[in-house]
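The next block holds one structure in the form of structure tokens; read it before the comments.
The values are calculated or read from the model by the stated rules, or taken from the named source; none is laboratory data. Nothing here was measured: the structure is a model prediction, and the numbers come from that model. For neighbour counting, all protein chains shown are included, and Cβ atoms are generated from backbone atoms with ideal geometry for every residue, glycine included. Keep in mind that these areas ignore ligands, DNA and RNA; they rest on the heavy atoms of the full protein, side chains included. Shrake-Rupley method; radii C 1.70, N 1.55, O 1.52, S 1.80 Å.
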Amino acid sequence: MAGTKDYGLGEFTYPRGWFMVADAAEVKDKPLPLHFLGQEFALYRGKSGKLVLLDAYCPHMGTHLARNTTSYVVQDGPVEGDSIRCPYHGWRFGADGQCNEIPYSNLPIPKTACVRSWPVVERLGAVYVWHDPEGGEPEWDAPGLPEWDDEGWVRHSWDHLGQLKCHQQEIVDNIADMTHLKPVHGSIVEFFENEFRGHLAIQRQGGPHRTLVAPDGRSPILITDTVYHGPGVLLSRMTGTHDSIILIMHTPVDDGVVQAWHGLMVKAPSGGRKATEQDSATARMYQAGALAAFSQDFEVWANKRPCINGMYMPSDGAFRKARTWYKQFYNPRAKKDEYLRQVQGVFVPAGMKPAPEAARGEMSLADAVAAAQAA
Ligand code: FES
Ligand SMILES: [Fe+2]
């Protein structure tokens, strides 16, 4: 198993960024034990609805706040207001992580009686944590989508893909990987390019596809406009049988182990302002197709050996650029520009056509391609 050091990514074992840690629907007032980024957490929803993510171990005697089922504290409900009580001696911690009650002591509560409280937000049906080895404020907003609040779109439900024994670098490589599209997914790539810009890594490509086809087996041109928003959140707009958006989230569990989720939002096939039940059923089927396509990648990652130094051909695409872009998250922010200077811009694999120029501006990739074809 290869870790961050083996890939030569930088000073930090775990990168800076927003990471999904839970499906928002599964977070109730019963604390969830989580293990990500090499450490243990307790996640719960306070009675006010507030999400709270705390370091798991109680400062009193080290008890795990969420891995307990038998203590009466837990049986009676450990969440009070937005606070949580430790299963062992009942110390209570607020959403800010500060101890606010020691049930058997009248003495002032020491300031050091606290656990770390992490910045979390709920967006796109996910709970995201901001992780920063330097302890800084979020560098960019937690990624969202206007379609999430549009009733003409069917929201996804998360496919929980579990853990993969590979480093997340292998997944991120996919953003530059033009030449796997035909062998793995049956796509015929007619244009392909990458762009790296700040915390975004973008891939624009289009062509027919064998996995994501209409129920009648037709393979419409599939155009994807894919964006990594930092190191762990990928959102891909697709124009094919239906307009849709793929969501792929991956979060380091330990160094060399990663956990992933997949979802697909679909624009109501009926075209109505409000999606119908029939639209939802079609969307679920289409998500299953998208999952089948992603599973084709997943199977490769699950069984490959680490690629520390690839043997790249010029027409493989911008793998090295993508890896340099990715290093910004494993190093202090002060060094970020060093990496960005080497990669900012648009890259087209040797022998390939770029995406239509207009697609790099405000226009969606699909609209730009349609306009180019009409001209
Ligand atoms: S270990 Fe948590 S209250 Fe004692
Ligand atoms: Fe793929």
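Worth pointing out:
- Spatial separation of Cα centroids for region 240-319 and region 101-131, in angstrom: 33
- In nm, spacing of pseudo-spin labels at residue 134 and residue 299 (7 Å Cα→C-beta vector): 4.3
- Among the cysteines of the chain, 99, 114, 166, 307 have no other cysteine beta carbon within less than 4.7 Å of their own.
- The peptide list 243-250, 332-339, put in order of mean Cβ contacts within 10 Å with the highest first, becomes 243-250, 332-339.
- A cut-off under 15 angstrom between Cβ atoms defines the neighbours of residue 360, and their net charge, with Lys, Arg +1 and Asp, Glu -1, is -2.
- Residue 268 sits among other residues whose Cβ lies under 12 Å from its own Cβ, and their net charge, with Lys and Arg +1 and Asp and Glu -1, is -2.
- Average accessible area per residue (Å²) across region 176-308 - probe 1.4 Å, nucleic acids and ligands excluded: 39
- Per-atom-type breakdown for the chain gives carbon and sulfur 51% of the accessible area (1.4 Å probe, protein chains only).
- Taking every C-alpha pair closer than 8 Å and separated by at least 6 residues, the mean separation divided by the residue count of region 17-131 gives a relative contact order of 28 percent.
- Computed [θ] at 222 nm, deg cm²/dmol, the chain (DSSP H ≥ 4; -39,500 (n - 2.57); rounded to nearest 500): -5500 deg cm²/dmol
- Using the 1.4 Å probe convention, the accessible area of region 53-172 works out to 50 Å² per residue with neighbouring protein chains retained.
- Range of Cα positions in region 209-367 per principal axis (Å), largest first: 50, 39, 31
- Region 341-372-region 31-99 distance, computed between alpha-carbon centres (Å): 48
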